[in-house]
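**Q** One structure coming up, written as C-alpha cells, with questions to follow.
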Amino acid sequence: ADSSALVHLPFLFWLVEAHAPKRVVQLGVDDGVAYQAICQAIDKLGLDAACRGISLFGEREANPDAIAHNDAFYEEFSILTTEKLPTAHRHFRKGGIDLLLINTPLDAESATVLAQKWNDKLSDRGLIVVLDSKRRMIEEGAADWLDPLLETCPAIEFDQGEGLLVLAVGPDQDGRIRRLADLELGMGGYR
C-alpha cells in the first residue's frame, strides 16, 4: 500500500532485529504498512513475540486488506482489534510492552491518556516509535506528552518522509540502539 511509512521500513526491520521485542503494540493501525512490517520482521527473524494492532477510530480506520494479510500470515502471534484509546491500555500489564508504536493524532486528550495510562505499560527495554513524527510533533497536545520524554530519554529521529521518532524510554536498551540514540548532528557516524 502507498504509505508514509515505506521510507522507514528498512529501519523498522533493523529495530526489530536489534531490539527483539516480546510484546509489540501499535496504537492506530491506519494503512497497516508499519504494523505489517513489524510482524513480517518478527516472523522472518523467528522471534517469540506477541503483537496487537489497535484501530482507535473504529470502522473508519479498519483496513480490510491489512486485516486479511494479518490473518493469512501472522494470526499465530498478531491480533488486530478496534478500541478507544482511553480503555485499550487495560489489556496490558504494567511494564509489559517492549515496543509501542504511535500512529494516532496527539491532541490534548490523547496526550493525557498516553501519559497517564500508557507510559507505565512500557518495560525496562521499552521503546516508543512515533510514526509521521513531523506532523505529530506539531499537533495540539504533542508537547504535553513528548517534551518530558524528549528531555529524559535518548532519541533517534529521522526526517525522511513524514518523519520517525524513536524514544528509548526504558533503561535497559540494546547497545546498538543506545549508541544510535546518543549520536547528535555533527558527530561522526550521525549520517
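**Q** Can you give me the % of accessible surface on the chain that is carbon or sulfur? Probe 1.4 Å, all protein chains present, nothing else counted.
**A** Carbon plus sulfur share of accessible area: 49 percent.
**Q** Also, I was wondering about something else. Given the rule -39500 (n - 2.57) for each run of at least 4 DSSP H residues, summed and divided by the residues of the chain, what is its mean residue ellipticity at 222 nm, to the nearest 500 deg cm²/dmol?
**A** -9500 deg cm²/dmol
**Q** In the range 8-87, which trypsin sites (Lys or Arg not before Pro) are in a loop and have at most 14 other Cβ atoms within 10 Å, using DSSP for the loop call?
**A** Details: sites: K22, R23, K44, R52, R60, K84; in loops: K22, K84.
Sites meeting the loop and neighbour criteria: K84.
**Q** Which of the GluC sites (Glu not before Pro) across the range 30-127 are loop residues per DSSP, with 12 or fewer other Cβ within 10 Å?
**A** Within the range 30-127, the qualifying GluC sites (Glu not before Pro) (loop, at most 12 other Cβ atoms within 10 Å) are E75, E76.
**Q** How much FRET efficiency would the formula 1/(1 + (r/R0)^6) give for F77 and D147, where r is the Cβ-Cβ distance and R0 is 35 Å, rounded to 0.05?
**A** 0.55
**Q** Would you grab the residues whose amide H sits under 5 Å from the one on L80? Only those 5+ places off in sequence or on another chain, please, with H modelled 1.01 Å from N.
**A** Correct list: G53.
**Q** Please sort by residue number the GluC sites (Glu not before Pro) in the range 124-191 whose DSSP state is loop and whose Cβ has at most 13 other Cβ atoms within 10 Å.
**A** Counting only loop positions with at most 13 other Cβ atoms within 10 Å, the GluC sites (Glu not before Pro) in the range 124-191 are E140, E184.
**Q** Each residue of the range 18-32 in order: what ³J(HN,Hα) in whole Hz does its phi give by Karplus 6.51 cos²θ - 1.76 cosθ + 1.60, θ = phi - 60°, with x for Gly and Pro?
**A** Working through the residues one at a time gives 6, 8, 6, x, 8, 10, 10, 9, 10, 9, x, 8, 6, 7, x Hz.
**Q** When the expected Rg is taken as 2.2 N^0.38 Å, what fraction or multiple of it is the alpha-carbon Rg of the chain?
**A** This ratio for the chain stands at 0.95.
**Q** Now, a different point. How much solvent-accessible surface does F13 expose, in Å² to the nearest 10, with a 1.4 Å probe and all protein chains in place?
**A** It works out to around 70 Å².
**Q** I'd like the antiparallel share, as a percent to the nearest 5, of DSSP beta bridges with both residues in the chain.
**A** 30 percent
The values are calculated or read from the model by the stated rules, or taken from the named source; none is laboratory data. From a predicted model like this one, the values you see are computed outputs, not experimental measurements. A quick note on method: Cβ atoms are made from the backbone with ideal geometry, for glycine too, and the neighbour counts reach across all protein chains shown. Side chains included, ligands, DNA and RNA excluded: accessible areas come from the protein's heavy atoms. Shrake-Rupley method; radii C 1.70, N 1.55, O 1.52, S 1.80 Å.
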